[in-house]
Structure formats: structure tokens, C-alpha cells
1. Using a simple charge model, +1 on the beta-carbon of Lys and Arg, -1 on the beta-carbon of Asp and Glu, nothing else, what dipole does chain A show about its Cα centre, in debye to the nearest 20?
2. Could you list which residues have their amide H under 5 Å from that of A:Thr186, counting only those 5 or more apart in sequence or on another chain, with H placed in the peptide plane?
3. What residues qualify as long-range amide H neighbours of A:Ile18, i.e. H under 5 Å apart, gap of 5 or more or another chain, H built at 1.01 Å from N?
4. If r is the Cβ-Cβ distance from A:Asn163 to B:Leu134 and R0 is 60 Å, what FRET efficiency results, to the nearest 0.05?
5. Quick check: pseudo-label points 7 Å beyond the Cα along Cα→Cβ at B:Asp72 and B:Val167, how many nm apart are they?
6. Can you work out ³J(HN,Hα) from phi for every residue in the range A:222-236, in order, using Karplus 6.51 cos²θ - 1.76 cosθ + 1.60 and θ = phi - 60°, giving whole Hz and x for Gly and Pro?
7. Can you list the residues, at least 5 places off or on another chain, whose amide H is less than 5 Å from the amide H of A:Val204, using H built in the peptide plane?
8. Any lysines with Cα under 22 Å of the B:Lys246 Cα? List them, leaving off those in the same chain fewer than 8 positions away.
Amino acid sequence: MGILELEALNVGYGSRAIVRELHLEVAQGEMVALLGPSGGGKTSILKTIAGLLPPLSGTIRINGQMVNQVAAEKREVVLIFQKPLLFPFLDVGENIGFGLRMQGIHGARAAREIAEMAELTGLGGLERRKIQQLSGGQQQRVALARGLVLRPSLLLLDEPLSNLDPDLRQQMRELIQAVCRQTRTTTLFVSHDQSEALMLSDRVALLLGGSIRQLGTPRELFYRPADREVAAFFGCSNLLEGVIMDRHFSCAGLPLALPLPSTQPSAQVEGKRCIVAIRPEQIELAGGGADTLTARVESLSFEGALTRLEVRLGSCRLTVLSPHPGPSPGSDVQLAIPASAIHVLPCP
Amino acid sequence: MFQPLPESPAQAGTAPGRLRLLMLLGPALAIILLFFGGGIFLGILQALGYRPGAGGGSLSLSHFAAVFTDPDFSTSLLMTLYIATVSTLAAALCSLPLALLLTRLAATSSWINVILQIPLTVPHLVIGICISLLLSPAGLVSRLLSWSGLIAGPAAFPLLVNDTWSVGILLSYIWKEIPFITFMLVAILKNSGQELEEAAQTLGASPWQRFRHVTLPLLAPNLRGACLIVFAFSFGAFELPFLLGKTFPMVLPVWAYRNYSDVDLMARPEGIAIGLIIAAVVICAILLSQGLTRMTSRQGTAR
């Protein structure tokens, strides 16, 4: 059982707040990502929830109980750090069982729970190994097992994958997701890697400039950003300013008005100046036709699965991510911008 | 096709790796072998009765026997053990909380660090003289106390120098060794102590449990090492007991020095024999400590 509620939480050191007025609720068994650029105070938020850092103001509730004054060791919150931070003088099994030992759980019961958790995290048979004999990925799994064996109300993960190489990271992501789902552990994790946050979490809270800018499902944040900074964070560089008339967006530089998607409620936006965001990978290179626009390729960079094109369309510059590596700089391409690619940012 | 990467030449198993290792170790090894090994070898020869100036002489264990059968030997040995053990333990007991405090006060501890570095730079001889000037019956403290009327007169001041319990010697050693042990511990604590403690805390460890199950085992190897160095030094050091000790019983190093510098050249081999006995006791202490470490770590894994 684990429900986390943060109300007007101010986090920081001394009198300097790094994160202001944080409101967040994490439901039982939910996995929420705190996403944001490095140095944005994400680790400090986790430390504050865990009780390692006193909050400047605001309340932290776990299962409905305010825990501001509760010592870290009594909060039933486990924080898994960026570094494994294993105890070098204990072996793998003893590390996993550390928390149980602190609770006075010894003998057969502890041994059974340690073995179970080692099995679950893919460490079966390594219990007697020394920490120094493990690889980085194995050490991080010991850290995870060491926390989960306590069946915490709340699991906090502080970029536990950032020190691992890409292959291992993918494995660990799947492991964390599987284990947390299986144990129904409420999890709040911190990441600066958007794909990690989008893939792992049920909901994402984007932290920009010391406050939560948008909170929602991964798809909402990615396809329906709340403002231009959120859009830019997720790599949507096509932001056009214009007017909405008759469910069509027109902008001074564009030769054609773009139809809005049918999902867009028109009442609030009709007749207003707005900014629309168009995801670069949703713009298609077409063979030509009635609704296509002719654009000139200004530059191009091959990025593997996709090719990034900078194109000029009228007086607008757009970025297109296309699976076709074909066009060359200076040539003309036909662009199709489907209505579903257009997202109108909420008007101020 | 991919070729397997050539093995790094620094790997210890390969021939060039071993050569490099030897070259790196060479200078230090040469000095140790030449001066330390050579010195010990000559010392053993002389302690066995070899006299280069007097046409050789026969080799025997008689000088060792003379030392061991001397009725004052056991008193001297106990006295030396007492000073070395008590000063080491006291310094360790003071250093542990000090190191913890220093790590907590990371931001404000720079001036404490400077103060702590002072004892490290002051030679033992100077400390000995200072303690003597401060704590002797006619010393500064005694005179200040009697002048202010807190004690009746200099005669009422307790004997702290050249005394039965070697208080002056112990105080000097403790003052000198606390910073040494503290810095050895702070290095470890600064490196990973606080983070490991935080990890333990979120795993439910109370302050006492964090100290007992995280900080102490983390510091144990360094604490043990530092204590051994301090013990070995104070067991074999000569200046402080010479300046601040009683004339009887003498600690072993002073006794060795007295014999070695005696006008009677016949006493010299005995002095060297005592020196070798000091070295043997220190080596025994190191072996004992290693044995204990191995035993406790085996108990740890058996649990």
C-alpha cells in the first residue's frame, strides 16, 4: 500500500528554494516519472520525500499521513540512488538483506526473502559473491533488490540507469518495470532521459525551471504539450504563430491554411492568435497532390532510422524527420501535413 | 571481420607487464632491501656477537639470553606495551568521534583542519620539551595554578612528568597521533561514508544501527591500519620516554639506546638485541591483527 501526496512543497538547501510549489499525487501501484534537465532539483525532491533533506515548506503525505517530521528510517520509503551505494564489506546476499537485518528479521525467513528477491532481479546464485566482483549492472540490480525486499510503501529511483551502457539500460528498464508491476510498488522515479520516462511511467511530470510544467500520460506530454517549452523539450521545434479561422490555421508565411484535427475543440480557439506545434516526424514527404506543400530543402542530416531535414516553406522554416534519406540539399520536396499532426497550444 | 583486441601490456600476467611492474617497484625495493634489509642483517650479526673492530668473535645467542634473563626486562617490556597500547587506544577513541564530527561539519571544518595539522608537523622531541615545560612540578601550569591560589603550592601539583603512570608521555603521544588517525578516517568518510549512511537510512537503519553496521565496518580496515602504525611507532620510539619517562623502569627503546651508547663496548650487542626484540614484538602485533581480521571476516560470512 502506498499513496504519495505532495502539497505546495518547496525544496532546497538553506533558504534557497530549487523547486517551488510542487503538487503531485502518486496513486497506489502507479509509476510516475519526474522528467527534467539535469541540475533541476529532481534529486533534491526525492531526498526530501525520503526524509534525507528537510522540506523548506509544504506537506508530504504517505498513505494519508503527514510525514514531514518523521525520520527517514521510519518512512517506509526506499530511495535507490544514481550510484548503487552497496556496502563494500558485505556480500550480495548480505547487502540485499541489510534492511531486513535492521528490522531484526534473521534466519530462515530472511534467507527465503533474500533468495526470492535475488531470483526476481536475476541475481539468483550470486548471493555469496563479493560486491567488487559484480558488473555495474549487477550492482545496480543488487541496489534494487536491497530496496524492494523491504516491500516499501514507496520506491524512489534516482536515475538508476544513467551509469549503465545502452544495452544494459534497456534490460534494467524492463526489469524495473516488471518487478514494480509484479510487486505493485508505488514508484516515483527521476530521469533526464525522455525516452526512459515515456517508456517506463504511467504518468510523467515535466519539471522545468523549478516547477512542474505539465503532468500527464506520456502520450499527452509528447503529442499535446502545454506550452512551447514543453514542446521544445520533447524535440518539437516547429512552432508557428498564426490565426485560427473556420477550423483552419493560417500563418503569414504559409501558402496554405492547415485544417485542425477533429479532436480539437474549436470554441476556445476560434478567431484567436495561437501557436501551433507540429511534430517533425508527423510531417510526411509526399509524391504530390492537392493538399501538399512545396518546400525547399536547406540542409539535411542523416541520423540513422530517420533523416532530419530543415526545409523552407514560404517564409517559414520547418524541421522534418523522415524515414526517407532521399532528398538532397537545394532540391524541392512535397510535404503533407495531416490534420492529426497539428496541436494548438492553449492560448494565453 | 573483427579482430580480437590485443591484450593490454599492463596486465600483470604477461611478460612485459611483469617487467613494467618490476621497473616501477624497483627504486623503492632497492632502498628497502639495501638499507632496511642490510641494516637488519648487520644488526642480527652484531647482536649475535660479531664485532667488526675486534677481529670477528664467535656468534652466539648469549646477548639475547642476557637480555631475556635480566630481571628488569619483563618490567621494561610491560612498561613499553602499556605506553604503546594505552596511547594508541586513547588516540583511536578520540579520533573516531572527531572524524565523524569533521565529516558532518564539512563546510566549516577548514579551520579545524588547520588546527589538526599542527600536531602533525611538530616533531616528537619538541612536544616532549613543551610538555616538560608545561607539566613538570616547576612548569607553567603548576606555577599558574599556585599563583592563582587553586593549589597550595607547586609541591601540591600532581606528578605528570617522569611519573609512574607516564602521563606526560601518554598525553604527548595522544596529542600527536589523534590528527594522524583522524585524517586516515576522514579520507574514507569523505569518500563514501555519508552516501552509504543515507542509503542505510532509507533502508530503515536507526542512527545507532548506521554507526554500528555501516560506519564502523567501513572504517575498520583504516582504523586498524592507523592503530598499528601508531602502536608500532610508539612501541619503538625513543625521544618522548627519554625526555619524559622515569629512570626506572626504562622503556625498551631507551634501554636499547643506553646499552648501545654505553662506554663499555661489550654492552652494544645487547642494545642491538633489544632493538631486534622491539621489531619482533611489532611484527607479532601486525600478524595478530591480520589474524583477527581474517577471523572476524570469516565470522561475518558465516552468519
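The values are calculated or read from the model by the stated rules, or taken from the named source; none is laboratory data. What you see is a predicted model, and the numbers here were worked out from it, not measured in a lab. With ideal geometry, Cβ positions are generated from the backbone for all residues, glycine too; neighbour counts draw on all protein chains shown. These area figures cover heavy atoms from the full protein model, side chains too; ligands, DNA and RNA do not enter into them. Shrake-Rupley method; radii C 1.70, N 1.55, O 1.52, S 1.80 Å.
1. 760
2. Placed amide hydrogens put A:Gly29, A:Leu155 under 5 Å from A:Thr186.
3. HN-HN under 5 Å from A:Ile18: A:Val11, A:Gly12, A:Tyr13.
4. 0.65
5. Here the answer is 2.5 nm between the modelled labels.
6. My calculation for the range A:222-236 gives 6, 9, 10, x, 6, 8, 5, 5, 5, 4, 5, 4, 8, x, 9 Hz in order.
7. A:Ala33, A:Gly216, A:Thr217
8. Cα-Cα hits under 22 Å: B:Lys176.
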